[in-house]
Amino acid sequence: MAALSIRNLDDEVKRRLRIRAARKGRSMESEIRAILAEAVAEPDDDATNPFVTFMERFQEIGGVELDLPPRSTPARWAEFS
């Protein structure tokens, strides 16, 4: 395994990394490894799907229930002319 040193890291960046790692129950070092691995991973077919991106973003908080307003007019056929 390789070792890597990062110099001149802003204190605010370090603080935010520490908080992010704590939220996930990881050490800062483990969180940085995960961030780097994700950053250089090959693109996934699902990564371009906005629905998958939305689900991944909100799965940690248990999802989101959206209230759909009632339709005020009946649905219409699409016109392609």
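Below is a table of values for the structure above.
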| item | result |
| --- | --- |
| Selection count, segment 2-27, where residues are on the phi < 0 side of the Ramachandran plot, assigned to a loop (DSSP other than H, G, I, E, B) and out of contact with any Asp or Glu (no Cβ under 7 Å at 6 or more places or on another chain) | 10 |
| Residue in segment 36-54 that is surrounded by 11 or more Cβ atoms within 10 Å (Cβ to Cβ) and not in a helix (DSSP H, G or I) present | yes |
| Count of residues meeting criterion [at pLDDT 85 or above and of a type in the set (D, E, K, R)] in segment 52-70 | 1 |
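The values are calculated or read from the model by the stated rules, or taken from the named source; none is laboratory data. Since we're looking at a predicted model, the values are computed, not measured. Because the Cβ atoms are built from the backbone with ideal geometry, glycine has one as well, and the counts that use them run over all protein chains shown.
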